[in-house]
Amino acid sequence: MLLDYLREVISRLPAKTRAIVITVVLGLAGGGLAVLFHYSIQFTYRIGIEALSRASLGAFLLGTFAIVMLSSLAVGWLLTAFCPEAAGSGIPQVKLGFWRDFGASSWRSVWVKFLAGTLSVGGGASLGREGPSVQLASGLAANLGRVLGVPSHLGRASSAAGAASGLAAAFNTPIAAVTFVLEEIVGDLNSRLLGGILLASVLGALVAHALIGSQPSFVLSSHGAPGWIGYALAPLVAALAAFAGGGFQRMALGVRGWNKGLVGLPPWSRVMIGGLVTWLIGVGVFLWTGHLGVFSLGYDDLASALNGDLLWQAAAILLLAKLAATVFCYGFGGCGGVFAPTLFFGGMVGALVSALVSMVLPLTAAEHVAMGVVGMCACLGGVVRAPVTGILIIFEMTHEFSLVPLLIISALVSQAIARRLNPKNFYDDLLEQDGAEIERRMPPRGLTGWMDAPVGRVANFKPIVAESLDAAYLEGLFARHRHERFPLVIEGRLLGVLDRRSFESARRSGAAPAVEPAAICQPDTKLRDLHALLVDCPGHLAVVTDQPGPGGKLVAIMTLHDLLRAELLLAEASAE
């Protein structure tokens, strides 16, 4: 009732005012959901694993094992039974949906992500809450925007606004939220969506300020600019942190690919493997060092590292242990992001280097802090491949302006190394591993670039084909599908194209249906050549084969409808 009333009120407003009001609603809703997600994870972790760390050894071991394994079982069941796309961090899903589906998302992905993310991260999985916060807020905004009257083809604005408000509320970093959405999801710092993203991000941060507080994510014990030693060490720390991030990316994708190829293991049980590995590593580190950083976010130990309260041995153990636990949690389909883990890796690299160097050279407290934040910026920026976001997010999380020059140095070094280690960022690698390369969804901005684009960028790679000339079979095929023409493929051989009118005429006369020659092109054919082909061929349907000539195997089709839909996408992207 409330939403119906709100939609009715908004529909009476002028167009520009209506867009602003809807963005305000989406920003507040996205920020509120992200804060609620934060509190649910924190509450689950505090009453569970953290409380057990103060109990007897037996209670700690048995209690944490039960929590980690039962929460992993519940997460696996939720993802398998209701919404597999809610697994992982959620940012690749938002990015793909932004370009492929005009930002559309399902209500189911929102509530499954909330429950699974709370159980996963709050239950001890070595993952983060920031990526899920982006998917949650983006999904809520996309669905709420439709309820409030946003047309489907304008849904990207809602999705981007929600993503910005969710990240701003999760990290309390509104500026970094804007740059992340523009760098990583939209892919254009000059996008016309900037106004809505800015407004939603500010509102998300204000919600976080009102409900959590305006303090930074990490309160540093030392303030002031580091000396020359800090600047000399920054490139070394950034390089080591970039290697840690690059190694994590390769290992996590490797384990994830291996997991996808497993046969005979129920999908719902695989999250439990990551949970078991995390529990074994986490309790071992706790018994050895007294630190819980392997479990959940690990921000308490990260804060200790930033303030120089960790010995180098503890920093090294936590770095390696957290890295291994996160690889298995993410690789086996856990529900959580990589922001918090990569910040942890980088912070521990900085703490380790500063602790070792301090044995030889005198380091100030400010330089200990600087090494930690340099490592955080380098590792996060290297994995996500968003250097501006890496700089701003660390600055906003610490409120230390004096560290900005070091963060810029860190970003330059880490980007150079990360691009050599992994050609693509973590999210694009995930999409490619799932067969959903984002480049195919991003249309070029100009007409010249569009006409020179390959057919494979917009072709329909899941066409419906006719596989027999049997009259009963064809009658059923034409009855089930509304298409006018179908490629005829028998025993893997492309024989031509069947037309609905020709089939109906042949059926009335009792003759065999006529098979027309197919207009053929390849995936690398330019769209300018496809235009001419579609105009000249009967029925305006072209068959895409893997090689030229009559012996090629059908891989896709292109119709005028497919081309017009793709050009609508181009027009919308150019108008943003």
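Output the number of residues of the range 481-502 satisfying the condition of being farther than 24 Å from Lys553 by Cβ and not in a loop (DSSP other than H, G, I, E, B).
3
Does Met376 satisfy the criteria of being buried (at least 19 other Cβ atoms within 10 Å of the Cβ) and free of Cβ contacts under 8 Å to residues at least 60 places away in the same chain?
no
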Notebook entry, point to check: Counting only residues that are among the hydrophobic types (A, V, I, L, M, F, W, C) and either modelled with pLDDT under 85 or assigned to a loop (DSSP other than H, G, I, E, B) (or both), how many does the range 229-264 have?
Noted result: 2
Next item on the list: Among the residues of the range 449-494, count how many are in contact with a helix residue (DSSP H, G or I) (Cβ under 6 Å, 6 or more places away or on another chain) and among the β-branched types (Val, Ile, Thr).
Entry: 2
Next item on the list: State whether one or more residues within the range 444-452 are hydrophobic (A, V, I, L, M, F, W, C) and at pLDDT 85 or above.
Entry: no
Check: Which residue, of Leu534, Leu564, Leu530, is touching a residue at least 60 places away in the same chain (Cβ under 8 Å), at negative phi and aliphatic (A, V, I, L, M)?
Finding: Leu530
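Could you tell me whether the range 181-191 includes any residue that is of a type in the set (Ser, Thr, Tyr), within 27 Å of Pro14 (Cβ to Cβ) and touching a residue at least 60 places away in the same chain (Cβ under 8 Å)? Explain how you work it out, then say what you get.
From the range 181-191, those of a type in the set (Ser, Thr, Tyr) are 191; that's our starting set.
Of the ones still in play, those that are also within 27 Å of Pro14 (Cβ to Cβ) are 191.
Filter again for touching a residue at least 60 places away in the same chain (Cβ under 8 Å), leaving 191.
Yes, the range 181-191 contains a residue that is of a type in the set (Ser, Thr, Tyr), within 27 Å of Pro14 (Cβ to Cβ) and touching a residue at least 60 places away in the same chain (Cβ under 8 Å).
To keep it simple, each residue is scored yes or no on (1) among the aliphatic types (A, V, I, L, M); (2) surrounded by fewer than 20 Cβ atoms within 10 Å (Cβ to Cβ); (3) part of a helix (DSSP H, G or I).
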{"site": "Leu28", "(1), (2), (3)": "yes, yes, yes"}
{"site": "Tyr45", "(1), (2), (3)": "no, no, yes"}
{"site": "Thr64", "(1), (2), (3)": "no, no, yes"}
{"site": "Leu70", "(1), (2), (3)": "yes, yes, yes"}
{"site": "Leu96", "(1), (2), (3)": "yes, no, yes"}
{"site": "Gly103", "(1), (2), (3)": "no, no, no"}
{"site": "Ser109", "(1), (2), (3)": "no, no, yes"}
{"site": "Phe114", "(1), (2), (3)": "no, no, yes"}
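Output the number of residues of the range 394-424 satisfying the condition of being outside any helix (DSSP H, G or I) and out of contact with any helix residue (DSSP H, G or I) (no Cβ under 6 Å at 6 or more places or on another chain).
Keep residues of the range 394-424 that are outside any helix (DSSP H, G or I), which gives 399-400, 422-424.
Checking the rest, the ones that are also out of contact with any helix residue (DSSP H, G or I) (no Cβ under 6 Å at 6 or more places or on another chain) come to 399-400, 423-424.
So the count comes out to 4.
Regarding Leu310, is this residue in contact (Cβ under 8 Å) with a residue 40 or more places away in the chain, within 19 Å of Thr44 (Cβ to Cβ) and among the hydrophobic types (A, V, I, L, M, F, W, C)? Steps first, please.
Numbers: in contact (Cβ under 8 Å) with a residue 40 or more places away in the chain: yes; within 19 Å of Thr44 (Cβ to Cβ): no; among the hydrophobic types (A, V, I, L, M, F, W, C): yes.
No: the conditions fail for Leu310.
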Margin query: Any residue at all in the range 497-508 that's at pLDDT below 85, loosely packed, with under 15 Cβ neighbours inside 10 Å, farther than 24 Å from Asp101 by Cβ and of a type in the set (Gly, Ala, Ser)?
Written below: no
Item checked: Flag for Val455 being assigned by TED's automatic domain parsing to the domain that holds His540, buried (at least 22 other Cβ atoms within 10 Å of the Cβ) and modelled with pLDDT under 90 -> yes
Checklist line | Lone qualifier among Ser133, Ser138, Ser158, Ser120 - being farther than 16 Å from Ser89 by Cα, in a helix (DSSP H, G or I) and outside the structural domain of Thr326 (by TED's automatic domain parsing) | finding: Ser158
Notebook entry, point to check: What is the one condition in (1) farther than 26 Å from Val94 by Cβ; (2) in a helix (DSSP H, G or I); (3) at pLDDT 85 or above that Met376 does not satisfy?
Noted result: (1)
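Answer with yes or no whether Val388 is outside any helix (DSSP H, G or I) and surrounded by fewer than 24 Cβ atoms within 10 Å (Cβ to Cβ). Can you show your working first?
Details: outside any helix (DSSP H, G or I): no; surrounded by fewer than 24 Cβ atoms within 10 Å (Cβ to Cβ): yes.
No: the conditions fail for Val388.
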Next item on the list: For the range 80-94, enumerate the residues that are surrounded by 24 or more Cβ atoms within 10 Å (Cβ to Cβ) and in contact with a Pro (Cβ under 8 Å, 6 or more places away or on another chain).
Entry: Ser89, Gly90
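The values are calculated or read from the model by the stated rules, or taken from the named source; none is laboratory data. Source: prediction; values computed, not measured. Glycine gets a Cβ as well: all are built from the backbone with ideal geometry, and neighbour counts include every protein chain shown.
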